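Here, each number is a calculation from the coordinates, and none is a lab measurement. Treat the numbers as computed from the prediction; the structure is a model and nothing was measured. A quick note on method: Cβ atoms are made from the backbone with ideal geometry, for glycine too, and the neighbour counts reach across all protein chains shown.
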Amino acid sequence: MATNNGLFISLEGIDGSGKSTQARQLAEWFRSLGRDPVLTREPGGAPGAEDIRRLLVEGDPNRWSPETEILLFTAARRDHLESTIRPALKAGRDVITDRFADSTRVYQGATRGDLRNIVDQIHATTIGVEPDLTLILDMDPAISLSRGLARGSGEDRFEEFGLPFQQALRRGFQDLAAAEPERCHLIDADADPDRVAARIRDVVQTRL
Ligand code: TYD
């Protein structure tokens, strides 16, 4: 979103890759620089979108068809964009979001049948914006999956699709990074959190 004052940054990656920790650390670093970031997440990030989140992350893994999921995630994203992201950017604040549209491109668009076209069409007509910078935390799904399920948060619907699904997700994110090298940066996330945070700061620094 080049026309705003604030910087719009998304963090992406497979389940348990440490995005939430890194999003928090990035926001803290911004604050230490005197910036005033909005730290947010998807699905969710606004009251209506958080209601939709519960429909998506809880319950039976096969509760929704991929097509229905695309619509629900996009509905949540539209609310997030209207209620949280746009107002913050307009006010000159940075937005750091834990997931955005790339999650739909990969989770719904590239893993269970080739629905990428539908994802792209719905995105173009109802969302139509991309982050200025996307940090993709890349790591071995065998490691991240054990972390994710160990949390036992009750929000494990996607983790429960298992290792081959997470491997397909990893490839999907790697392909996105290769296709959009200006916006998307792969970050090696198989290291202790402080090292990963330093890798992230190195990339973000170039955009400040
Ligand atoms: P998230 O809260 O980021 O979970 P985690 O911290 O485990 O990564 O996201 C919840 C789940 O929703 C996660 O498994 C990824 C999935 N998801 C999609 O399938 N499509 C989407 O568009 C988004 C935003 C998330």
- Between Thr21 and Thr125, what is the spin-label point distance in nm, taking each point 7 Å from the Cα along the Cα→C-beta axis? 4.2 nm
- Note on the structure: Scalar couplings 3J(HN,Hα) for segment 48-61 by Karplus 6.51 cos²θ - 1.76 cosθ + 1.60 (θ = phi - 60°), nearest whole Hz, x for Gly and Pro, are x, 5, 5, 4, 5, 3, 4, 5, 8, 9, 10, x, 4, x
- Hull surface over four for the Cα convex hull of segment 29-124, reported in nm², is 6.8 nm²
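Averaging over all projection directions, find the projected area of the Cα convex hull of the chain and quote it in nm² with one decimal place.
10.6 nm²
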- On full extension of the chain, what length is gained from Asp202 through Arg31, given 0.36 nm per residue of separation minus the C-alpha to C-alpha distance? 59.9 nm
